[in-house]
Ligand SMILES: NC(=O)c1ccc[n+]([C@@H]2O[C@H](COP(=O)([O-])OP(=O)(O)OC[C@H]3O[C@@H](n4cnc5c(N)ncnc54)[C@H](OP(=O)(O)O)[C@@H]3O)[C@@H](O)[C@H]2O)c1
């Protein structure tokens, strides 16, 4: 048995009442030297490390990536160790399976995203903090005595964004969670990335255009950022619903790499793929004319996550009475629109934010998730490419934070994905 002082120091900044427990299932502690890796410059404290354990009283150790001020992830994210009590009443204890690193997550840490989770001290941090991350897949590891909708072993996602998903373990009320019905045939990657990007694509296609279903295969949508998570979801959902897609991507370093990317998207179901340069060229109008059979197949919806000239060029392709929906601003350029498009073509311009939509339509959000997962099960909705970052109990803070910092670096081979490898 370790002395109380050693046990206490193994908990770091966690609640001291846990450190005082004298009965342990498994405890080990060792000093971990800082590694000389590429992330060493980041603002992470190296502290006395310990193995994870669960006490006989049901307390479990957890780690979370937290921030107590806004800034670049490398400057403000900390790995905080704390303890979680056994769940009471309708509480549920969760273990992380996987969580993506989305652009909005980084914007939130930078303080430039409209939704800002409250800074709190409930995890025992000295300064009030928020847990980073907005979506992820978790496994239920324990339930309170009044939980009715969930059981140990179930997989869940959060009902709302902003709850903090970059954490090894969490305690939530069952009302905050959506149970994945029939997780058979699904992977943590698929479930952890279903509730933001595919839902955004699904709702924008369904809710902003009154498609003429009698003309399946004769109507189009156009989108930029087509290689993004939302873009890939849009391509596949549109294909399933008989809508043709004209997709814009950024050029790669070589023509071969660009062609490879275009082919990848065509394999997903994209009807046509062009680069940003092709979109802005003088030839583009003729290409659209040919693709749409001289306008007989109207482009009725534009989805914009880039802004600037790219958004303007999308708008110009639209048939009269169509809509452009802006849902992102990757180029950080404003959307500028020629007045003629508003006056003479009667185009309408909208914005969409899935967080706000989901809060207003919780049941519809759950139904949308289930629809996408059903397509996934049947092989009609493919996984997004990811760069997996394994999170083991003893993974260095700097390694995790380095992965987060790369999220907005651009031209990546895949979206960053935290994959927790539990030892218990
Ligand atoms: N409003 C909403 O409810 C909502 C929901 C989900 C996502 N979003 C937004 O949608 C956008 C995409 O998110 P995601 O998670 O799908 O992205 P993602 O999978 O992480 O991919 C990011 C995409 O952005 C592109 N990109 C990066 N910088 C760019 C630039 N300067 N110009 C043009 N394209 C650029 C990248 O192009 P390459 O492939 O060429 O690298 C990549 O395709 C983000 O702005 C995000 O905040 C909004």
- prompt: What are the residues in the range 231-259 that are within 12 Å of the ligand (Cβ to nearest atom) and surrounded by fewer than 22 Cβ atoms within 10 Å (Cβ to Cβ), if any?
  reply: 250, 251, 252, 253, 257, 258
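Answer yes or no as to whether residue 232 is part of a helix (DSSP H, G or I), touching a residue at least 60 places away in the same chain (Cβ under 8 Å) and assigned by the TED database to the domain that holds residue 324.
On the way: part of a helix (DSSP H, G or I): yes; touching a residue at least 60 places away in the same chain (Cβ under 8 Å): yes; assigned by the TED database to the domain that holds residue 324: yes.
Taking the combined requirement at face value, the residue satisfies it.
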field: Scan of the range 111-135 for residues that are within 21 Å of residue 352 (Cα to Cα) and either buried (at least 16 other Cβ atoms within 10 Å of the Cβ) or in contact with a helix residue (DSSP H, G or I) (Cβ under 8 Å, 6 or more places away or on another chain) (or both), ordered by number
entry: 113, 115, 116, 117, 133, 134, 135
Which listed residue, of 283, 278, is under 25 Å from residue 259 (Cβ atoms), in contact with a helix residue (DSSP H, G or I) (Cβ under 7 Å, 6 or more places away or on another chain) and away from the ligand (no atom under 12 Å from the Cβ): 278
task: Return the pairs, sorted by first residue and then second, in which the second residue is assigned to a loop (DSSP other than H, G, I, E, B) and more than 16 Å from the ligand (Cβ to nearest atom), the first residue lies in the range 377-389 and is under 14 Å from residue 191 (Cα atoms), the beta carbons are less than 6 Å apart, and the residues are 6+ apart or on different chains.
output: 377/185
- prompt: Here are some conditions: (1) within 16 Å of the ligand (Cβ to nearest atom); (2) at negative phi. Residue 174 meets all but one. Which one does it not meet?
  reply: (1)
field: First in the range 280-309 and within 24 Å of residue 210 (Cα to Cα) and without any contact (Cβ under 8 Å) to a residue 24 or more places away in the chain, second anywhere and within 16 Å of the ligand (Cβ to nearest atom) and part of a helix (DSSP H, G or I), Cβ under 7 Å, 6 or more apart
entry: none
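For residues that are in contact with a strand residue (DSSP E or B) (Cβ under 9 Å, 6 or more places away or on another chain), in a helix (DSSP H, G or I) and more than 8 Å from the ligand (Cβ to nearest atom), tally how many sit in the range 399-422.
Initially, the range 399-422 is screened for residues in contact with a strand residue (DSSP E or B) (Cβ under 9 Å, 6 or more places away or on another chain), giving 399-404, 406-407, 412-422.
Those left that are additionally in a helix (DSSP H, G or I): 399-404, 406-407.
Add one more test, that the residue is more than 8 Å from the ligand (Cβ to nearest atom), and what stays is 399-404, 406.
So the answer is 7.
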- prompt: Which pairs have Cβ atoms under 6 Å, sit 6 or more apart or on different chains, and link a residue in the range 97-111 that is in the same structural domain as residue 400 (by the TED database) and over 18 Å from residue 419 (Cα atoms) to one that is more than 8 Å from the ligand (Cβ to nearest atom) and in a strand (DSSP E or B)?
  reply: 109/67
- request: Determine if the range 324-339 includes at least one residue that is more than 14 Å from the ligand (Cβ to nearest atom) and assigned to a helix (DSSP H, G or I).
  value: yes
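Every residue, every condition in (1) touching a residue at least 24 places away in the same chain (Cβ under 8 Å); (2) closer than 20 Å to residue 415 by Cα, yes or no:
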position	(1), (2)
198	yes, yes
201	yes, yes
204	yes, no
209	yes, no
215	no, no
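Could you list, in sequence order, the residues of the range 405-422 that are modelled with pLDDT of 90 or more, more than 15 Å from residue 232 (Cα to Cα) and surrounded by fewer than 17 Cβ atoms within 10 Å (Cβ to Cβ)?
Our first condition is that a residue be modelled with pLDDT of 90 or more; within the range 405-422, this holds for 405, 414-421.
Within this subset, residues satisfying the condition of being more than 15 Å from residue 232 (Cα to Cα) are 405, 416-421.
Scanning the range 405-422 gives a single hit, 421.
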message: Checking the condition within 24 Å of the chain's Cα centre (by Cα) and assigned by the TED database to the domain that holds residue 87, which residue from 250, 179, 266 passes?
response: 179
message: Condition first: touching a helix residue (DSSP H, G or I) at 6+ places or on another chain (Cβ under 6 Å) and more than 16 Å from residue 406 (Cβ to Cβ). Now tell me which residues in the range 83-110 satisfy that.
response: 83, 90, 92, 97, 98
- prompt: Within the range 340-358, how many residues are part of a loop (DSSP other than H, G, I, E, B), touching a helix residue (DSSP H, G or I) at 6+ places or on another chain (Cβ under 8 Å) and under 24 Å from residue 410 (Cα atoms)?
  reply: 1
- prompt: Could you list, in sequence order, the residues of the range 342-366 that are in contact with a strand residue (DSSP E or B) (Cβ under 9 Å, 6 or more places away or on another chain) and more than 8 Å from the ligand (Cβ to nearest atom)?
  reply: 342, 347, 348, 349, 350, 362, 365, 366
Number of positions in the range 160-201 that are surrounded by fewer than 19 Cβ atoms within 10 Å (Cβ to Cβ) and in a helix (DSSP H, G or I): 2
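The values are calculated or read from the model by the stated rules, or taken from the named source; none is laboratory data. As the structure is a prediction and not an experimental result, all values here were calculated from the model. So basically every Cβ, Gly included, is an ideal-geometry build from the backbone, and we count neighbours across all protein chains shown.
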